[in-house]
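Notes follow the structure.
Where a number appears in this text, it was derived from the coordinates with a stated rule and is not lab data. Source: prediction; values computed, not measured. Here Cβ is always computed from backbone atoms with ideal geometry, including for glycine, and neighbour counts include all displayed protein chains.
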């Protein structure tokens, strides 16, 4: 998915934070793997490094009534090698790669939620940051002759881990099949990219219970006890684009999420079944590979 095609589950901001961290770690490790295979770094990698400023509006969590609007600086990192792709919206570790089929490592996550500012969750524990990682099969369904337009089917299975201070807790599993359309024309200094996609979410019972369940001690007349089942968790439609002009990059995205038919849609913590996330960004690139 594109920089600004971030899965909604409040994944937009989580990608901003989790991927920033992963970028630095994985960018440092990937060259070692390339050298170990006998490739020189000039053969193995391409990169862009810069600074960006982005604005984004997103719900506290899918189905929440409250939204956040943030304007934040961020490191802009692009890295492509035989073993790793770091794009503006995702980190993909490439375990096995063929002409059309590849096995990768897929990452996602969601931001922490302060229950005191969310009326549905008043009096309940805060939601921790959640990081998700796991294997994914990626298959190129179609591409044009110039390979400027490609359609991918991606089948990721991710384990979810909650982080609070230095404590980690397993939160369940997520299966998030998606179809992506990627179109790019031009080069890194004068080019245009547009991406669109549709993603389905399926979660384990413990995953949805953590977000949408209400334990008896937190129940009240307006918020009855609720046990969230596992299963279908809604879908996301997203589209975004970026424009490269010299050392500047401009981007925007909009994403629509529907929880209609989700297994947990009757949770008292779900206030709405449809929502939008959108954002804009600009970045200045001060270093890029020359090959």
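Assorted remarks:
- Computed from the C-beta positions of residue 274 and residue 217 and an R0 of 30 Å, the FRET efficiency is 0.45 to the nearest 0.05.
- You can think of it this way: the chain between residue 97 and residue 69 has 6.2 nm of extra reach, that is 0.36 nm per residue less the Cα-Cα gap.
- Net lengthening on full extension, residue 289/residue 126 (0.36 nm per residue, minus Cα-Cα): 54.4 nm
- Sorting 68-78, 127-137 by their mean Cβ neighbour count within 10 Å, with the most densely packed peptide first, gives 127-137, 68-78.
- Added length on full extension, which subtracts the Cα-Cα distance from 0.36 nm per residue, residue 51 to residue 245: 68.3 nm
- Per-residue Cβ neighbour rank within 10 angstrom, fewest leading, 232, 250: 250, 232
- Region 11-288: radius of gyration and largest Cα-Cα distance (Dmax), Å: 19.7, 66
- Inter-centroid distance (Cα atoms) of region 168-187 relative to region 204-271, Å: 15 Å
- Pairwise FRET efficiency - residue 115 versus residue 167, Cβ, R0 = 25 Å, nearest 0.05: 0.90
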